Amino acid sequence: MTRFETVKAHVSMRKAAESCGLSVGRNSMALCPFHNDRHPSLLIADDHFHCFACEAHGDVIDFVARLYGLSLTEAAQKLASDFGIDPDKPIPVSIRRKLKIRTEAQRLRENEWLCFSILNDYLWLLRDWEKRYAPQAPEDVLDERFVEACHRLPWAEYQLDILMQSDSYERGEVVSELTAGGFIRKLQTCLREERYHEQPCLDQ
Ligand SMILES: [Zn+2]
């Protein structure tokens, strides 16, 4: 097996995409990082990705190369190291340097995209809870998930509106608020865990 084949055999497209911060839905769709995607257009199949909007297409190595601006060989090295395929071979300094030189603008864009994607998942969960756990009779004790939906839905919609429609200054403000203290990552972890079906997600 060549290095490329080994990496492709070990690392599924989904694992790699998630390790790069993409939130992949149950329908295998994610927001595309290669264009300004607002509705998930990127299909994450077992062995390839394909964007129905910008037509980005390729395998797991192409994905990492394109996302981080690496050559295919460098991307395979990064994946091998990230997924413990070559535990004795750390990522060469030359690649580390490239990964570091990502500009502030790229970092902001990625954060913005991460916030949008997680908030969007959260919004759908809340809309589901709002219907599913609505009280059936006036004397019913309110389900905590219904309370969270009532409390957080207007907030989530407002934040998403800004991320979709406002200028870069306002988007930046929302992103720094959401990323402060690891808030958005906490929300992401909570959305990923199975127990989110049974318990409220955020403290009220
Ligand atoms: Zn795309």
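The values are calculated or read from the model by the stated rules, or taken from the named source; none is laboratory data. Just so we're clear, the structure is a prediction, and the values are computed from it rather than from any experiment. Here Cβ is always computed from backbone atoms with ideal geometry, including for glycine, and neighbour counts include all displayed protein chains. Accessible surface areas use protein heavy atoms only, side chains included; no ligands, DNA or RNA. Shrake-Rupley method; radii C 1.70, N 1.55, O 1.52, S 1.80 Å.
Observations
- Cα gyration tensor category, rounded, prolate or oblate, for segment 3-100 with a/c compared to 1.5: prolate
- Excluding ligands, DNA and RNA, the accessible surface per residue across segment 104-197 is 61 Å² with a 1.4 Å probe.
- Ignoring lysines fewer than eight residues from Lys131 along the same chain, the ones with Cα atoms less than 27 angstrom from its Cα are Lys186.
- Cα pair distances in the chain, grouped into 5 Å bins until the bin that holds the longest one, percent each: 1, 7, 13, 16, 16, 15, 12, 8, 5, 3, 1, 1, 0, 0
- Within-12-Å neighbourhood charge of Asn36 [Cβ basis; K, R +1; D, E -1]: +1
- Per-residue 3J(HN,Hα) values for segment 24-32, derived from phi via the Karplus relation 6.51 cos²θ - 1.76 cosθ + 1.60 with θ = phi - 60°, read 9, x, 5, 8, 6, 9, 9, 6, 7 Hz in sequence order (x marks Gly and Pro).
- Listed residue (Gln77, His57, Val175) projecting farthest to the positive dipole end of the chain, Cβ model: Gln77
- Only protein atoms count toward the accessible area here, which uses a 1.4 Å probe; on segment 104-197, the carbon and sulfur part of that area reaches 51 percent.
- Pairs of Lys residues in segment 3-100 that lie 8 or more places apart, or on two chains, and have C-alpha atoms under 14 angstrom apart add up to 5.
- Each Lys and Arg adds +1 at its Cβ and each Asp and Glu adds -1 at its Cβ; summed about the Cα centre, the chain shows a dipole of about 920 debye.
- Estimated [θ] at 222 nm from DSSP helical runs (n ≥ 4, -39500 (n - 2.57)) normalised by residues in the chain, nearest 500: -18000 deg cm²/dmol
- Cβ-defined net charge surrounding Cys54, 12 Å radius [Lys, Arg +1; Asp, Glu -1]: -1
- For segment 104-197: relative contact order, % (alpha-carbon pairs under 8 angstrom, 6 or more apart): 34
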